[in-house]
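This report refers to the structure that appears directly beneath it.
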Amino acid sequence: SLGDWMGNNFDRVILSAKYTPLPRLKWLAQYQYIRKGGPGTTNQQYFAQPQPDFLFDYQYSQSELLLQCSYEWIHNLYVQGSLDIIKRNTPATPAAQSTSVLSFGIRYGL
């Protein structure tokens, strides 16, 4: 099936910036904000008159900040690290749930 992994009834904003201060050093900063409503039934999606409001049956909102750095140590051998911070707000919980992932790695090739 074609479509987005989020399904239907959502919106997303993505802001991204790349910076190369040195020829072999690359930085990436990316921010993503998502709002998700309920999927509804097939009848609601296609046949209901009037159509349900956008983001009806509100599920959650999520913001994600990704910071990534990559350095080409020797030809095609990269050392990289990233920090991914995700915050999710749901109507059921008053405080935002937060997750942080810090990763380091080495890769060879593209």
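Considering only the stretch 48-67, how many residues are of a type outside the set (Ser, Thr, Tyr) and either open to solvent by 90 Å² or more (accessible area, probe 1.4 Å) or assigned to a loop (DSSP other than H, G, I, E, B) (or both)? Break it down stepwise before answering.
Let us first name the residues in the stretch 48-67 that are of a type outside the set (Ser, Thr, Tyr), namely 48-57, 59, 62, 64-67.
Subset that is either open to solvent by 90 Å² or more (accessible area, probe 1.4 Å) or assigned to a loop (DSSP other than H, G, I, E, B) (or both): 48-57, 59.
Residues that pass the stated criteria total 11.
Can you find, within the stretch 19-47, the residue that is nearest to Gln80 (Cα to Cα) among those that are loosely packed, with under 12 Cβ neighbours inside 10 Å and among the β-branched types (Val, Ile, Thr)?
As a first pass, look at the stretch 19-47 and keep what is loosely packed, with under 12 Cβ neighbours inside 10 Å: 19-23, 41-43, 46-47.
Applying the additional criterion that residues be among the β-branched types (Val, Ile, Thr) yields 20, 41-42.
On the way: Thr20: 14, Thr41: 44, Thr42: 45 Å.
Only one residue fits best here, namely Thr20.
Step by step: first the residues of the stretch 68-110, then only those that are outside any strand (DSSP E or B) and closer than 16 Å to Lys26 by Cβ, then the one that is most open to solvent (accessible area, probe 1.4 Å). Which residue is that? Let's see the steps before the verdict.
Start the filter on the stretch 68-110 by keeping residues that are outside any strand (DSSP E or B), which leaves 75-76, 91-92, 109-110.
Filter once more, keeping what is closer than 16 Å to Lys26 by Cβ: 75-76, 109-110.
On the way: His75: 144, Asn76: 42, Gly109: 17, Leu110: 188 Å².
That would be Leu110.
Can you name every residue in the stretch 1-18 that is exposed (fewer than 10 other Cβ atoms within 10 Å of the Cβ) and either more than 26 Å from Ser63 (Cβ to Cβ) or over 13 Å from the mean Cα position of the chain (by Cα) (or both)?
Ser1, Leu2, Gly3, Ala17
The values are calculated or read from the model by the stated rules, or taken from the named source; none is laboratory data. On a predicted model such as this, the values are computed, not experimentally measured, just so you know. Positions of Cβ are backbone-derived with ideal geometry, glycine not excepted, and every protein chain shown enters the neighbour counts. Please note that ligands, DNA and RNA were not included when accessible areas were found on the heavy atoms of the full protein model with its side chains. Shrake-Rupley method; radii C 1.70, N 1.55, O 1.52, S 1.80 Å.
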